[in-house]
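Q: Let me begin by handing over the structure; questions about it come next.
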Amino acid sequence: MKILVTGGAGFIASHVADTYLQDEHEVVIVDNLSMGKLENIPAGSRFVNLDINSDEFVQFVLDERFDAINHHAAHMELRVSVDKPVHDAAVNIIGSLRLLEAARKSDVQHVILASSTAVLGEFVQIPATEDHPVRPIAPYGVSKRAMELYAEYERIVHGLSVSILRYSNVYGPRQNPNGESGVIAIFLEKFLQGAIPTIHGDGNQERDYLHVNDIACANRAALMTKAQGIFHVCGDSSASVNEIVELLRSALGTDLQVKHGPAKAGDPARTRGSHAAFTELTNWRPRTLLNDGIRDTAEWFRART
C-alpha cells in the first residue's frame, strides 16, 4: 500500500512509519518540522516538507492518490492550548478537517487518526471504556474531540473508512524532552543533565503509560483490520508520577532529587483507559512492561547524551 504518514518526523509517527516500512508498504512522510526532526525520518520513506493547513498539502493528497493515511500531525501541548486555543484549533481541527476532506475526495481506502484520552476530561470510570462521558477540560482535548466528530461525520455520512485511536500516555525513544508533556522523557533528560525536574502537584496523579512500540503495533492492527470508529489504545496498569520517578532512578542508577510545583491547569488527577474493545476487534494488546520500557527508553536517552 501507498501510505501517507503526517507528522512522520515526530516521536510517535516516526515509529509508526518504521512499522509500515517493515511491512513493505510505500511510506510518504509529510511534516513541517515545527516539532519533528529530520533525524527521526526512517530510511526508505519519502519526505515532503508541507504544512497540513496549506493548500499545497491538500493538492498533494489529491495528486498522490494514497491508499491509506495515518494522521499524527498535531499540536499537543496542553498548557499552550490553554494560552493559545486558536492556534491549537487551527492545527488540530482545521488541519485535520482539510486532511479528511482531501482523503474522501481522493478515494483513500482507510484513514487512521491519532486522538487522545484527554478528550474524556476527568475520569469518572476506571478503566474508561469508549462509553465514558466526553467532557474535555482543556482546549487540547476540545480540539481533539472536534477532530473525532468531523471524522465520524465523514465516516457515517460519506462512507470514509476511519479508525480513531485515543492514546493514553505514550513514552519511548525519540520522545521530545523539551516539551511540556511526556514526564518520562522530560525527567530522563533532566536527570542525565544533573538538573532537578519539577513534579507538578503532589506526584500522586496516576496515568497508564504505553510504550511507543506498542502504539506502532496498534497502528499496524488498525490498518490491517480497517477498524471502524473510536477506540482506546492504553496500557494494562497505571502508575503515579512518584512511582515513575523511582523507576527512572532505578534505570539510571541515580538518587537525584525532584522538586514540586503547582499542578497543571486542565490536568486530571487520574487517568486509565480500557483497550478491551480494540483488542477484541484486532487482537492487539500492549506487550511492553513499564519497567522494561523505561529501561529501554533510559538507554536511548543515555546513548544520545
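Q: Any idea what the relative contact order of segment 1-149 is, in percent, if you count C-alpha pairs under 8 Å spaced at least 6 apart?
A: 22
Q: Below 8 Å, C-alpha to C-alpha, sequence gap of six or more: please give me the relative contact order for segment 74-198 in percent.
A: This gives 28 percent for segment 74-198.
Q: Just to be sure I understand the model, the point goes 7 Å from the Cα along the line to the Cβ. What's the resulting Glu246 to Arg65 distance in nm?
A: A separation of 5.9 nm, rounded to one decimal place.
Q: Okay, moving on. Can you spot the aspartates and glutamates whose alpha carbon is less than 18 Å from Lys2's alpha carbon? Ignore those fewer than 8 places along the same chain.
A: Lys2 reaches Asp18, Asp23, Glu24, Glu26, Asp31, Asp63, Glu64, Asp67, Asp107.
Q: So what's the angle, to the nearest 10 degrees on a 0 to 90 scale, between helix 55-64 and the longest Cα principal axis of the chain?
A: 70
Q: Quick one: what are the phi-derived ³J(HN,Hα) couplings along segment 242-251, Karplus 6.51/-1.76/1.60 with θ = phi - 60°, whole Hz, x for glycine and proline?
A: 4, 5, 4, 4, 5, 5, 5, 4, 5, 5
Q: Could you tell me which of Val28, Ala118, Ala68 has its Cα farthest along the dipole of the chain towards the positive end, charges placed at Cβ (Lys, Arg +1; Asp, Glu -1), taken about the Cα centre?
A: Of the candidates, Ala118 comes out farthest on the positive side.
Q: By per-residue mean of other Cβ atoms within 10 Å, what is the highest-first order of 279-290, 17-28?
A: Taking the mean over residues of other Cβ atoms within 10 Å, the ranking is 17-28, 279-290.
Q: May I ask which of Lys37/Lys190; Lys105/Lys144; Lys37/Lys226; Lys105/Lys226 have a Cα-Cα span longer than 27 Å here?
A: Among Lys37/Lys190; Lys105/Lys144; Lys37/Lys226; Lys105/Lys226, the Cα-Cα distance tops 27 Å for Lys37/Lys226.
Q: ³J(HN,Hα) across segment 279-295 via Karplus (A = 6.51, B = -1.76, C = 1.60, θ = phi - 60°), whole Hz, x for Gly/Pro?
A: Once rounded to whole Hz, the list reads 5, 4, 7, 10, 6, 6, 7, x, 10, 8, 5, 4, 4, 5, x, 5, 5.
Q: Toward the positive end of the charge dipole of the chain, about the Cα centre and with charges on Cβ (Lys, Arg +1; Asp, Glu -1), which of Gly261, Leu223, Gly182 goes farthest?
A: Most positive-ward Cα: Gly261.
Q: May I pose another question? What whole-number distance in Å separates the alpha-carbon centres of segment 166-200 and segment 119-133?
A: Each part reduced to its Cα centre gives a spacing of 25 Å.
Q: Another question, then. So if I place +1 on the C-beta of Lys and Arg and -1 on the C-beta of Asp and Glu, and nothing else carries charge, what would the dipole magnitude of segment 159-252 be about its Cα centre? I want it in debye, nearest 20.
A: For segment 159-252, the charge dipole is close to 420 debye.
Q: Within 10 Å of each candidate Cβ there may be at most 15 other Cβ atoms; applying that plus a DSSP loop requirement, which GluC sites (Glu not before Pro) in segment 173-243 survive?
A: For GluC sites (Glu not before Pro) across segment 173-243 that sit outside H, G, I, E and B with at most 15 neighbouring Cβ atoms in 10 Å, the list reads Glu180.
Q: Given the DSSP H assignment, sum -39500 (n - 2.57) over each helix run of at least 4 residues in the chain and divide by its residue total; what's the result at 222 nm in deg cm²/dmol, nearest 500?
A: Computed mean residue ellipticity for the chain: -12000 deg cm²/dmol.
Q: Place the peptides 42-54, 107-119 in order of packing, highest mean first, counting for every residue the other Cβ atoms within 10 Å and averaging per peptide.
A: In descending order of packing, they fall as 107-119, 42-54.
Q: Right, something else. Using only Cα positions of segment 60-175, each an equal point scatterer, no hydration layer, compute I(q)/I(0) via Debye at q = 0.18, 0.22 Å⁻¹ and quote the log10 values to two decimals.
A: -0.95, -1.25
Q: Of all DSSP beta bridges located in the chain, what percent are antiparallel, nearest 5?
A: 5
Q: I've got another one for you. Under the √(5λ) rule applied to the eigenvalues of the Cα gyration tensor, what semi-axes describe the equivalent ellipsoid of segment 1-105? Give them in Å, descending.
A: That gives 22, 17, 10 Å for the three semi-axes.
Q: Hey, can you rank 244-252, 197-205 by average C-beta count inside 10 Å, highest first?
A: 244-252, 197-205
Here, each number is a calculation from the coordinates, and none is a lab measurement. Everything numeric in this text was worked out from a predicted model, so none of it was measured. For neighbour counting, all protein chains shown are included, and Cβ atoms are generated from backbone atoms with ideal geometry for every residue, glycine included.
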